[in-house]
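Below is one structure, written out as structure tokens; comments come after it.
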């Protein structure tokens, strides 16, 4: 077993250890809106469930150069965002939205995704996702000071939107959703073998 002190490691080496170890990671495609009304869209794999009562999700957005990304600036600005689950049908277009664009340009428009109005918040979502969640910011935590680091956001889900084709009796069909997840490098994972185990009483 190799023992590694992260304090003695370069940031990039810690990054590679984390993304190679914490797998698979769910991917959130997040839409936000700037003050000037530009709809930003970007994928993030530092994302997960925080709570079901109330329903909350977490999203961490890196600041590799010390500057906040458009998504983080927009969430700080109006406290609203939409989380979409990335699946095999939309992963190609979602991947294209990771391109660096100026804040005045919309990744959603660039790749031809279809805007759809939200019901509770002002930020639109996209039609091409089988599941989307309208979120309001409840907590934000800057990590790593003002320089390179990240911003951790916790959002409360105020509306779920689920494709009726994958929803039955309150449950989501995992094969119908066909979600994809991130591994390390350029690698992704799809839903493979599914097995069950009873939890001990």
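Every number in this text was worked out from the coordinates using simple rules, so none of it is lab data. Computed from a prediction, not measured in an experiment: that's the story for all the values here. All Cβ positions, glycine included, derive from the backbone under ideal geometry; neighbour counts span all protein chains shown.
Length gained on full extension, residue 172 to residue 88, computed as 0.36 nm times the residue gap minus the Cα-Cα distance: 28.6 nm.
Please report the relative contact order for region 92-201, taking Cα pairs under 8 Å with a sequence separation of at least 6, and give it as a percent rounded to a whole number. Value for region 92-201: 14 percent. Among the listed values (1) 166; (2) 107; (3) 130, the one computed from these coordinates for volume of the Cα convex hull per residue in Å³ is (1). Working from label points 7 Å from Cα in the Cα-to-Cβ sense, the residue 110 to residue 98 distance is 1.3 nm.
Need one word for region 1-72: rounded, prolate or oblate. Basis is the Cα gyration tensor (sqrt eigenvalues a ≥ b ≥ c); a/c below 1.5 gives rounded, then a/b vs b/c decides. Taking the square roots of the gyration eigenvalues as a ≥ b ≥ c, region 1-72 is oblate. FRET efficiency for the pair residue 2 and residue 188, taken as 1/(1 + (r/R0)^6) with r the Cβ-Cβ distance and R0 = 30 Å, rounds to 0.65. The mean sequence distance of close C-alpha pairs (under 8 Å, at least 6 residues apart), as a share of the length of the chain, puts its relative contact order at 23 percent. Kirkwood hydrodynamic radius computed over region 43-139 comes to 14.4 Å, based on all pairs of distinct alpha carbons. Projected label points at residue 10 and residue 140, each 7 Å from Cα along the beta carbon direction, are separated by 3.2 nanometres. For region 151-192, the alpha carbon convex hull comes to 123 Å³ per residue, rounded to a whole number.
Comparing 70, 178, 163 in a Gaussian network model of the chain, where Cα atoms under 10 Å apart are tied by springs, the biggest mean-square fluctuation is seen for 163. Among 111, 50, the ranking by other beta carbons within 10 Å of each residue's beta carbon, starting with the fewest, stands as 50, 111. Comparing 17, 113, 152 in a Gaussian network model of the chain, where Cα atoms under 10 Å apart are tied by springs, the biggest mean-square fluctuation is seen for 17. In the chain, helices alone account for a calculated mean residue ellipticity at 222 nm of -4000 deg cm²/dmol, with every DSSP H run of four or more residues adding -39,500 (n - 2.57). The alpha carbon radius of gyration of region 128-201, expressed as a multiple of 2.2 N^0.38 Å, is 1.54. Calculate, for residue 181 and residue 122, the FRET efficiency according to 1/(1 + (r/R0)^6) with r their C-beta to C-beta distance and R0 35 Å; round to the nearest 0.05. Efficiency, rounded to the nearest 0.05: 0.75.
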